[in-house]
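K.L.:
Mind having a look at this structure? Questions to follow.
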Amino acid sequence: VMVPLRALIVEDNEDDCALLIRMLRQGGFDVRHKRVDSAATLLQNLEAEPWDVVLSDYSMPGFSGTAALALIREKGLNTPFVFVSGTIGEEIAVNAMRNGAQDYIMKGNLKRLLPAIHRELQEAQLRRQHKNAEQRMRQLEKFEAIGRLAGGIAHDFNNVIGAIMGWAELCESEV
């Protein structure tokens, strides 16, 4: 069974993009992708549809993977971001991960690509579930607060009605 995958690929080289797509398909993914190589086309595609993963080269003429990562994170997207590069060094990779990238893979070692994609898709699913659980918890806390408020109002209302009933009974007995 092929796993559907929407991949946004930040890459200036069409052959490198084709290689990534071929590897993903051989690894069991039914890939739908777009290749972008500028900030404008990246933003355009981010707004057009949701993506499961972003695979990005590090160094491209006129654009960089770190700029792509910054744009994606500035938009508040938690889409898994994986560098796939032949030029990234260890120090650069560590800084990229500090800035929100999930992984980096050297183009000469693409056997790590499939396990990294599987792991990041699972972790993204866990993050979504966690976020949904937190939202449900906040909603339940709001309902609890509304319930306490309604209970307090009902208690105050009962006190007022009790006083009115007491006065009404006194007046009735005097009549």
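K.L.:
Are any residues in segment 3-33 in contact with a helix residue (DSSP H, G or I) (Cβ under 9 Å, 6 or more places away or on another chain) and closer than 19 Å to Arg73 by Cα, and if so, which ones?
P.N.:
Ala7, Leu8, Ile9, Val10, Glu11
K.L.:
Can you pull out the residues in segment 40-88 that are among the aromatic types (Phe, Trp, Tyr) and under 14 Å from the mean Cα position of the chain (by Cα)? Steps first, answer last, please.
P.N.:
Of all residues in segment 40-88, those among the aromatic types (Phe, Trp, Tyr) come to 51, 58, 63, 81, 83.
Passing the criteria: Trp51, Phe81.
K.L.:
Of the residues Thr87, Thr66, Thr79, Thr41, which is of a type in the set (S, T, N, Q) and modelled with pLDDT of 95 or more?
P.N.:
Thr41
K.L.:
So, one more: Please report, ordered by residue number, the strands (runs of 3 or more DSSP E) entirely within segment 16-130 with at least 2 residues that are open to solvent by less than 20 Å² (accessible area, probe 1.4 Å), under 18 Å from Val3 (Cβ atoms) and touching a residue at least 24 places away in the same chain (Cβ under 8 Å).
P.N.:
On the way: elements: 29-36, 53-56, 81-85, 103-106.
Correct list: 29-36, 53-56.
K.L.:
Only one of (1) closer than 28 Å to Leu43 by Cβ; (2) of a type outside the set (S, T, N, Q); (3) modelled with pLDDT of 90 or more fails for Met97. Which number is that?
P.N.:
(3)
The values are calculated or read from the model by the stated rules, or taken from the named source; none is laboratory data. Quantities reported herein were computed from a predicted structural model and do not represent experimental measurements. Backbone-built Cβ (ideal geometry, glycine too); neighbour counts: all protein chains shown. In case anyone asks, the SASA skips ligands and DNA or RNA and just uses the protein heavy atoms, side chains included. Shrake-Rupley method; radii C 1.70, N 1.55, O 1.52, S 1.80 Å.
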